[in-house]
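This report refers to the structure that appears directly beneath it.
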Amino acid sequence: MNAIKSVVVVVAVAAATGSVMPADTWAGSHDKGTGFMSIKASAIKWSDAPSIGPGAKIAVLEGDLKAAAPFTMRIKIPPNLKIGVHTHPATERVTVLSGTLYFATGDKYDAAKAQTYKRGDGFIVPVGMPMYGYTKKEESILQIQGTGPWGIQYPDPTDDPRKKK
């Protein structure tokens, strides 16, 4: 038997016995999560997010924000909300799904330095980088992805909405 026929026979036997490697193995590293997930906006369960500010909501779509594992969440920021300078212990990959977010990085809150991010825009913020943002007349919904654990810290305690009455 020549070399080509030998390869064909090996592949045919492997396919017949189910010992062929799955396609995702060939595609490189792949997270073996729970499988397919369907996310319908109408079925998302929102919870209050007091660490972001009054009226803010959060929905965790995937993962556990306290675990050292991938997560996907959405944040709903109401109109006219100012989010003071804060940091996160995880890199955030942010996409604006609706509305407009005014966002900047830096140690001091300066609304004039904020860039405008509209639907479809996004940005990536590394671990520990100080940031701040606000909305104006409309609500904004963000999708944030990263690898936890996730959290939020305000260097200036007066910026932390959980400490305001």
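In nm, to one decimal, how far is the modelled label at residue 121 from the one at residue 43, with both set 7 Å along Cα→Cβ?
Going from the residue 121 label point to the residue 43 one covers 3.2 nm.
Heavy-atom accessible area per residue, the range 42-165, 1.4 Å probe: how many Å²? If you can, show how the numbers build up before the last one.
Values: 6700 Å² over 124 residues.
Spelled out: the 1.4 Å probe surface of the range 42-165, per residue, equals 54 Å².
If you take the beta carbon distance between residue 66 and residue 112 as r and set R0 to 35 Å, what does 1/(1 + (r/R0)^6) give as a FRET efficiency, to the nearest 0.05? Walk me through the numbers on the way to the answer.
Numbers: r = 36 Å, r/R0 = 1.03.
The value I calculate is 0.45.
Put +1 on the Cβ of every Lys and Arg and -1 on every Asp and Glu Cβ in the range 22-165; which of 105, 91, 59 then has its Cα farthest towards the positive end of the dipole?
Of the options given, the answer is 59.
If the chain between residue 162 and residue 95 were fully stretched, how many nm would it gain, using 0.36 nm times the residue separation less the Cα-Cα distance? List each step's numbers first, then the result.
Working: separation 67, 0.36 × 67 = 24.12 nm, distance 2.51 nm.
Gain on extension, residue 162 to residue 95, equals 21.6 nm.
The values are calculated or read from the model by the stated rules, or taken from the named source; none is laboratory data. From a predicted model like this one, the values you see are computed outputs, not experimental measurements. FYI the Cβ positions are ideal-geometry reconstructions off the backbone, even for glycines, and counts take in every protein chain you see. These accessible areas exclude ligands, DNA and RNA; they are computed on the full protein's heavy atoms, side chains included. Shrake-Rupley method; radii C 1.70, N 1.55, O 1.52, S 1.80 Å.
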